[in-house]
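Taken together, the values in this text are just the output of simple stated rules run on the coordinates, not laboratory data. All values reported here derive from a predicted model rather than from experimental measurement.
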Amino acid sequence: SSLIALKGLSQGRTATWASLPDLLSQERDSFNANKKYSESPMRHALSQNLLVLDDVDKLRLQNGMFSEWVDEQVWQLVKEREEKDLPTVFTSNTPAHKWVEHSRNAAPLLSRIRGRYLVINVGGGDARMYNRVQDMFNED
């Protein structure tokens, strides 16, 4: 997924790759007076021509749902990127309808994702494990 952001950069676009759980954690930390950010991590992500969000299915749940704060952040991110007509790539190990069901905004969120974005299901195993096995056989 980071290769998509690199391709965007090579085409002269501003692009950012981020793990969504990490981005939200950084955003929450930016409210802490002890942390120094020149701008909100979320504002920075929203301003990019191309945004690649990884691990969207890894958001922490509370009683089977996103927290209200996470729910609001994800909703605002999807809504603002759509309104500005900016390309956004979401990567997940589970189908969109599975991770979206944890949102209080599940129906409109899924509608925006399916209506605006191309959903591509990529099968296959874990590339990290494949590469590790290859490395083991290539070691001296």
So who's got an amide H within less than 5 Å of the one on S67, skipping anything under 5 residues away but keeping other chains? H placed 1.01 Å off N, in plane. Q62
Sequence-distant residues sharing a close amide H with V89 (under 5 Å, placed H): L51, V52, L53
Extension gain (nm, one decimal) between K58 and D29, 0.36 nm per residue minus Cα-Cα: 8.6 nm
